[in-house]
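Undergrad: To start, I am sharing the structure in question, which I have written as structure tokens.
Where a number appears in this text, it was derived from the coordinates with a stated rule and is not lab data. All figures in this text were calculated on a predicted structure; none of them were measured in a lab. Methodologically, a virtual Cβ is constructed for each residue, glycine included, from the backbone with ideal geometry; neighbour enumeration extends over all protein chains shown.
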């Protein structure tokens with residue numbers, strides 16, 4: 001019996017060892033294959049600028065404890081805002097709002113199927129999305145001049161956007177159920193500003209006075225209106241060079257439409273700016289602020305053997321038009337105050353001079369509820385069904401917004417019912433087991449009694465036989 005038990009135990013241990021070994025090998029092979037597509041970095045490279053960025057953010061928050069968004073021009077990954085503790089627009093999730101990503105892409109941000117990144121921003125999008133501070137390690141990438149003294153010895157500077165509107169504010173009624181259809185991100189941003197302010201104004205002016213020079217490239221075109229540039233000599237440097245004459249002073253931007261992305265390096269006046277094309281790097285590129293009459297040398301250095309894009313779009317932002325847009329929105333929100341009253345709750349006080357829309361830069365999700373002066377009101381979708389807005393009548397009002405995951409109430413009820421049923425099953429099982437044991441014990445006593453009676457009978461019979469033999 002002991003040998004049989006030892007053999008059975010050895011078999012279980014052997015099977016357990018084989019399962020563990022199979023899981024280990026399977027995971028190692030899977031990670032090795034995934035490594036070809038997803039780079040696994042060391043802890044040091046993974047942490048990167050996180051500690052210094054957190055210190056910079058804490059320094060900003062120490063001077064401004066209001067409720068606002070913040071972003072940065074350098075990136076470790078698209079989920080950096082979560083890692084460093086700031087409210088940003090860069091985000092990655094397998095369940096990310098699809099319409100929010102599509103709108104971000106349309107406005108010129110770097111965005112893909114499951115993420116968006118703060119690449120491609122302009123003062124217009126910063127104002128609309130309420131991005132009040134931008135961290136940067138390069139003055140070439142900063143679109144603002146005013147800095148905040150954060151006393152962080154890491155090369156990080158905090159730039160302040162004085163015109164950021166916030167998370168929620170009053171806008172023109174035309175924003176409700178509106179759709180932006182423009183193909184150019186610059187035109188899309190102008191449409192966005194017009195819908196919010198109720199007044200159309202041209203914000204970007206094209207820069208059409210530019211020359212083209214090719215280095216080690218043959219030029220051509222495709223059947224779908226893309227310009228094509230292919231290397232002549234494979235191992236030699238190849239680049240597309242533009243010489244752009246700035247026709248009016250302001251901040252200058254570039255966008256290269258393409259469905260055939262090939263990664264390149266982007267240089268402005270000999271200074272490396274960023275990688276361009278492919279994934280999150282395909283966005284509006286900020287080239288810098290220049291005076292009228294300046295000439296900008298823009299170089300797109302190929303990292304592969306070819307590159308394809310449609311006619312380049314070079315634009316300069318009209319600061320006066322931007323100022324009029326900001327003033328228009330501010331005039332509607334002189335008494336608007338947004339307070340974060342809980343982890344998923346906002347309290348907003350407004351004073352509308354006429355019927356307006358309360359526009360929030362929070363993506364629409366099931367689970368949000370709203371009250372206007374204590375009474376429940378409907379939340380509507382706006383801007384390509386991406387954000388939330390509410391009808392606001394004239395006068396002073398208080399809006400309360402709160403969020404609870406859709407289906408949470410039903411889920412809690414089902415969970416509670418399941419817990420009750422589970423507890424009932426345990427009680428029933430325990431009672432049934434005890435009753436069964438009591439019955440079993442009674443039957444055992446009867447059996448023992450019967451066995452004792454049989455033994456007594458046998459003893460009596462034996463005694464009678466002995467007495468008969470004795471008499472004989």
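Undergrad: Given the Cα atoms of the chain, and with Rh set as the inverse mean 1/r over their pairs in the Kirkwood sense, what is Rg to Rh to two decimals?
TA: Details: Rg = 36.1 Å, Rh = 27.9 Å.
Reported Rg/Rh (Cα atoms, Kirkwood Rh): 1.29.
Undergrad: Can you give me the three principal axis dimensions of region 138-248 from its C-alpha atoms, in Å, biggest first?
TA: Cα spread of region 138-248 along its principal axes, largest to smallest: 56, 46, 26 Å.
Undergrad: Against the longest principal axis of the chain, how steep is helix 408-471, in degrees 0 to 90 to the nearest 10, with axes from Cα atoms?
TA: Computed tilt is about 20 degrees.
Undergrad: I want to check the label-to-label distance for residue 228 and residue 112. Put each point 7 Å from Cα in the C-beta direction and report it in nm to one decimal.
TA: Result: 2.5 nm between the two label points.
Undergrad: Given points 7 Å out from each Cα along the Cα-Cβ axis, report the residue 87 to residue 25 separation in nanometres with one decimal.
TA: 5.3
Undergrad: Angle, helix 185-197 long axis vs. longest principal axis of the chain, Cα atoms, 0 to 90°, nearest 10?
TA: Roughly 80 degrees, rounded to the nearest 10.
Undergrad: Could I ask something else about it? With the contact rule set at Cα under 8 Å and sequence spacing of 6 or more, what percent relative contact order holds for region 249-305? Intermediate results must be reported in sequence, preceding the final value.
TA: Details: 94 pairs, mean separation 27.4, N = 57.
It rounds to 48 percent for region 249-305.
Undergrad: Would you mind computing, in nm to one decimal, how far apart the modelled labels at residue 330 and residue 236 are, each placed 7 Å from Cα along Cα→Cβ?
TA: Once both label points are built, they end up 5.5 nm from each other.
Undergrad: Hey, another quick one. What span do the alpha-carbon atoms of region 47-164 cover on each of the three principal axes, reported in whole Å from largest to smallest?
TA: 39, 31, 28
Undergrad: Size of region 252-378 along its principal axes in angstrom, Cα-based, largest extent first?
TA: Taking max minus min along each principal axis of the Cα atoms, region 252-378 gives 62, 37, 24 Å.
Undergrad: Moving to a separate point now. Tilt of helix 50-63 relative to the longest C-alpha principal axis of the chain, in degrees (0 to 90, nearest 10)?
TA: That helix lies at roughly 70 degrees to the long axis.
Undergrad: Another question about this same structure. Starting from the Cα-Cα distance between residue 62 and residue 381, subtract it from 0.36 nm times their residue separation and give me the gain in nm to one decimal.
TA: Working: separation 319, 0.36 × 319 = 114.84 nm, distance 3.51 nm.
Additional length available on full extension: 111.3 nm.
Undergrad: Please give the Cα centre distance for region 259-329 versus region 114-160, rounded to the nearest Å.
TA: Spelled out, the Cα-based centre of one part sits 17 Å from the other.
Undergrad: Report the relative contact order of region 205-317, percent, no decimals, based on alpha-carbon pairs under 8 angstrom and at least 6 residues apart. Please list the in-between numbers first.
TA: On the way: 277 pairs, mean separation 42.8, N = 113.
After rounding, I find 38 percent.
Undergrad: Right, here's the next one. Can you check what the Kirkwood hydrodynamic radius comes to for region 205-317, Cα pairs only, in Å to one decimal?
TA: Working: mean 1/r = 0.0701 Å⁻¹.
For region 205-317, inverting the mean 1/r across all distinct Cα pairs yields 14.3 Å.
Undergrad: Considering every pair of different Cα atoms, what Kirkwood radius, in Å, is found for region 24-92?
TA: Details: mean 1/r = 0.0705 Å⁻¹.
Answer for region 24-92: a Kirkwood hydrodynamic radius of 14.2 Å.
Undergrad: Something else about it: What percent of all Cα-Cα pairs in region 86-154 falls into each 5 Å bin, going from 0 up to the bin containing the maximum distance?
TA: 3, 14, 25, 23, 16, 10, 7, 2
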